[in-house]
Structure formats: C-alpha cells, structure tokens
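Have a look at the structure below, then the notes.
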Amino acid sequence: MKRVLVLGCTGSIGSNAINIIKNMSSDFVLAGIQAHSNKQKLDSIAKEFNCPSLLTSLDNSENAFINLIEKSKPDIVVNGISGTAGLLPSKVVLENKIDLALANKETIVMAGSLIKSLAKNNNCRILPVDSEHSAIFNLVEKIGKNNIQKIIITASGGPFREYSKEQLKNVTIEQALKHPTWQMGRKITVDSSTLANKGLEVIEAAYLFDVNADQIEVVVHPQSLIHSLVRTNDGMLYAQISDPDMKHPIFNALTWPENKNTYLKPFDLFDNTMTFYKPRTDDFPLLKYAFECAELKKGYAIAFNAANEIAANAFIAKKISYLQIAQIVRNVLDKDWSSEITSFDDVFETDQKAKKYAEELI
C-alpha cells in the first residue's frame, strides 16, 4: 500500500490523482492533500479520505510543507501545483528523501540542475507526470539513453494552429481558453495556445534527460494521441500512444517501476487518425525563444518562465493583447541573464528580477 500526498489537489492533476487513488484503494491511500485557495473542496476531500490538509493561500512557507509531510508520512508526492509556487514544495519533498511525481514543470525549468542534484544526493526519484515527459521517461527507460539520438515532443498546436498572422492580432482570452484537446487551468491553456507551454517542455526535457537543445524536436500532432517519440541511433522512431487523459501519466508515476493493470480504458487504434505538422515558429515565436533558453541555460530559462507567467496572466486579465505576450518575453530575454545559478536563492532572485522587468513593460 503506497501512501500518496497530493499537492494542488483541487486542480486537474490533483483531481485525476485522487480519482486513481479512489479507484485503486488496494494499492494507494490518500495520505494528505494541499490546495491554494479552494477551501470548500479541500475540506470535502479531507473529510472523505480522513487525511491532513493545507491551504497555502494562508501559509505557503517552507515549514508549512514540512509539517504536512511529517503529518502525512507519504511514500510519494504528486506535485500538481501550478506556476512558480510549485518549486518550493518540490525542494522540500526531495530534501525529505521522498519520490516526487512531478507535474509542475516550473520546478525543472527554474532549477533543473539543483533539483536533480537534490534527488540524486537523497536517493529519490523524479517521476514526470507531464504526458510528454512521462512518455519520454518510459521510452528512455526501455530503450536506453545511449541508444537515443533525438527526443521528439508532440504539441497539439492549440486552438490557433491554422490562424493567419492577421487573425492572431485579434485573438481574445475567451478564444484562447477553448483548447481543442485538453481540459486544463486558464494559464496553462493560454500557454498551450502560444506554444509557450511547449517551450517550457523543451527546457524541461533538456534538464530532465540531460540532452542538448539540438537533440530535441517539436512536432505538431493535433489529435494528442502520440505523447512523444524518440529516434534511435539507427533512425527508427518509437512512440508512446494513449488517449489524451492525464490519468495515464499520473498512474504510471504512482506505480513505477511496476507495470500494473489499470481500470483506465486501453487505447484503441481503430477509427483514429494521426496527422503531423511542423510548428510555425515565426507566428508562435515563444517556442523558438525557449529553444534559445534551453541552449543558453544559466538564468535564461528562469527569465523565460517568469516573463511568460506575468505576460500570460496580463493577457488573461485583458491588460495586453495576445501578440504582446511574446513581445514582452522577448524584451525580458534581451537583458543579461548569463550569471551562473548555484543556489535556490539565485533562482528566486532571478525569477523576481525577470518578473519585475515584465511588469514594468506591461
């Protein structure tokens, strides 16, 4: 019986994790939960599962997360917290020598080297929960990193994949929130439409799998059935295919290294069409900027994430236009971010500096 602590329990990742725990009660127990602001749902889950809870809009300190871990005594923690707020709890989990099922991509984008060193030094695992990185993780585990020449990350292309440059000028927040494949939070849905989310995944993949930016490729695959591929040294492609349901990668992280039977519906090849396109990086430049940051590393990835977070939220609040998101990120990246990142203090300082620049531009 594996004890699971779910951070961000009222969001889409957290809700899916709890669904798995509920349906596989002989394998998992919900040991504890955390939410940012939805107290009513948090209290309801805590009562149903009789587990400790934490509302971080009241207390998001390091000690609060340490206390929750001490009370819940988890074997694994699912981090489904959105945004930069997810980094601190990831750090606390690994410092406590607990395996981390990670959906919070900012943890790796902002502090990839530090987080990986922390996991290695404390003999615990980072198990990716992003569907793309979960797919890559499993392919690398099965095929062997030395046999892999290139990682290919799939992107749905978002709702504006076929929009002209002229049409993109007039995109509204209401349009941006209508994702064709996935049901997600507002900010990540906007990021998916601009390809910023795919850019963050490129940076995340570079850190997680210790590869250079030129070993990563992005392909637009609107059906979101192939979650990522790898090309082996002999030129062959290997893919992970499943329905676009986040329960699959969460289940995989919770059960790893076993390959358990699941209550989830198996993928059916029949009556499914798969198409693939090159991303339009001139019209969706945030993906291109992310590749630059994955190559430069140092503070550039932190600045990319911070500037995009501020700009995307400004667009959600209708303070800027859709195309201004990328313009703000570019202007922030044009500053000097070449200082080495050697501590978590450096990470948070760089993050705040980049956010300040972005806010000034807005």
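Assorted remarks:
- Failed criterion for Cys51 (all others in (1) surrounded by 20 or more Cβ atoms within 10 Å (Cβ to Cβ); (2) within 21 Å of the chain's Cα centre (by Cα); (3) not aromatic (Phe, Trp, Tyr) hold): (2)
- Test: Lys335 is in contact with a helix residue (DSSP H, G or I) (Cβ under 9 Å, 6 or more places away or on another chain), of a type in the set (Lys, Arg), more than 24 Å from Tyr163 (Cα to Cα) and assigned to a helix (DSSP H, G or I): no
- Single unsatisfied condition, Ile173 versus (1) in contact (Cβ under 8 Å) with a residue 40 or more places away in the chain; (2) more than 16 Å from the chain's Cα centre (by Cα); (3) more than 19 Å from Asn308 (Cα to Cα): (3)
- Residue selected from segment 273-296 under the condition loosely packed, with under 13 Cβ neighbours inside 10 Å and out of contact with any strand residue (DSSP E or B) (no Cβ under 9 Å at 6 or more places or on another chain), by the criterion nearest to Ala206 (Cα to Cα): Asp282
- Of everything in segment 60-96 that is part of a loop (DSSP other than H, G, I, E, B) and out of contact with any helix residue (DSSP H, G or I) (no Cβ under 9 Å at 6 or more places or on another chain), the residue that is surrounded by the most Cβ atoms within 10 Å (Cβ to Cβ) is Asp75.
Quick grid of which residues meet (1) closer than 22 Å to Asp351 by Cβ; (2) open to solvent by 10 Å² or more (accessible area, probe 1.4 Å):
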site	(1), (2)
Ala101	no, no
Ser117	yes, yes
Asn122	no, yes
Arg125	no, yes
Leu139	no, yes
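- All conditions but one from (1) more than 28 Å from Ala111 (Cα to Cα); (2) in a helix (DSSP H, G or I); (3) without any contact (Cβ under 8 Å) to a residue 24 or more places away in the chain apply to Ser25; the one that does not is (2).
The values are calculated or read from the model by the stated rules, or taken from the named source; none is laboratory data. Given the structure is predicted, the values throughout are model-derived calculations rather than measurements. A quick note on method: Cβ atoms are made from the backbone with ideal geometry, for glycine too, and the neighbour counts reach across all protein chains shown. Please note that ligands, DNA and RNA were not included when accessible areas were found on the heavy atoms of the full protein model with its side chains. Shrake-Rupley method; radii C 1.70, N 1.55, O 1.52, S 1.80 Å.
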